[in-house]
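Structure record follows, encoded as structure tokens.
The values are calculated or read from the model by the stated rules, or taken from the named source; none is laboratory data. These numbers come from a predicted model, not from an experiment. Ideal geometry is used to build each Cβ from the backbone, glycine not excepted, and the neighbour counts take in all protein chains shown. What goes into the accessible areas is simple: the full protein's heavy atoms, side chains included, and nothing from ligands, DNA or RNA. Shrake-Rupley method; radii C 1.70, N 1.55, O 1.52, S 1.80 Å.
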Amino acid sequence: MLEDKFGRRFHYLRLSVTDVCNFSCDYCLPDGYQCDSDRNFLSLDEIRHISRAFAELGTSKIRITGGEPALRKDLTDIISACASTSGIEQVAITTNGFNLPNKIRSWVTAGLTSLTVSIDSFDPRMFATITGHDKLNTILEGIDIALSLGVPVKVNTVLMRQYNQGEIEQLINWVRNKPITLRFIELMQTGENLSFFNRNHVAGDDIKNTIETQGWQRTIREKTAGPAMEYRHSDFEGKIGLIMPYSKDFCASCNRLRISSIGKLHLCLFAEQGLDIRSFITSDQPENLKNELVKLLGNKEATHWLQDGYTGATKHLAMLGG
């Protein structure tokens, strides 16, 4: 079992398969994707080796991220490779949903068990302003198809004072009759967005106080769940989630590790550096990779230092898919 020196167990791997994204969200890639690094992304065989090694160390959930993972032409094969790995029980994906109506059926057939889509505004004009693309209706169509296929759906919304703070009640009401978990994410500072962060950060505690006043009740967190605090309400079919990285003890329940698209292990989204493990991802014998993962996990810290303005090696969230 992957366990760090603080007793935290890691059942959950966030696996980035590309750092390329075709959206230009203001808080992440306002100038669009810039090719300024090695693009020798993990191969399908390397992904198989990673999945096997993590599964044999007790990981049961893999979330495929980007950049935008759907830009990989072999994404369906990647999903299948992860889903067919013995010990992997859940294969999720986080996507901007730009081609979701055309792809979701093949992803589900390949073994996808849950879907997370990023939508930061339900106003089509504001959505286009944030992302640079008029794709909201296409994305919503894809979500409806996913629901019809029985796929659990989560929607991520990054809170931004100047963009969507006025939509919060509308967003909450959207899940009144939809079996969707809507997750409000506190805007995080990265190496490239300091001025944007200072203008737009909204404290997650404000939203938490609002929904608790409205009668939302906290639910029990599963062992493979991410960092969100989830709430349900008797009058709503959907749920609300809150991801508040600046809150006290946010890291205490950390259960996830990250592999970048070029084969680096990131012990934290805001770690000082990625740890190169690619030379160990070369064999059908996973022992060397497993031993290296266990060794490197000893360097994981108790917490990040976001609250002190330290963002580590994370220039923007597309590097690791958040």
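Tabulated data for the structure shown
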quantity	calculated
Lone unmet requirement of (1) open to solvent by 20 Å² or more (accessible area, probe 1.4 Å); (2) assigned to a loop (DSSP other than H, G, I, E, B) for residue 169	(2)
Residue match in region 24-40 (condition: touching a residue at least 12 places away in the same chain (Cβ under 8 Å), farther than 21 Å from residue 264 by Cβ and open to solvent by 40 Å² or more (accessible area, probe 1.4 Å))	yes
Top-ranked residue in region 95-142 [being among the basic types (Lys, Arg) and in a helix (DSSP H, G or I); ranked as surrounded by the fewest Cβ atoms within 10 Å (Cβ to Cβ)]	125
Considering residues of region 172-198 that are charged (D, E, K, R) and surrounded by 13 or more Cβ atoms within 10 Å (Cβ to Cβ) only, the residue farthest from residue 244 (Cα to Cα)	178
Any hit, region 149-163, residues being more than 20 Å from the chain's Cα centre (by Cα), farther than 23 Å from residue 12 by Cβ and surrounded by 18 or more Cβ atoms within 10 Å (Cβ to Cβ)	yes
Checklist (1) open to solvent by less than 20 Å² (accessible area, probe 1.4 Å); (2) over 18 Å from the mean Cα position of the chain (by Cα) applied to residue 86, failing item	(1)
Cross-chain or 6+ apart pairs with Cβ under 9 Å, region 220-243 first and free of Cβ contacts under 8 Å to residues at least 24 places away in the same chain and open to solvent by 20 Å² or more (accessible area, probe 1.4 Å), then assigned to a loop (DSSP other than H, G, I, E, B) and small (Gly, Ala, Ser)	229/247; 232/238; 233/215; 234/215
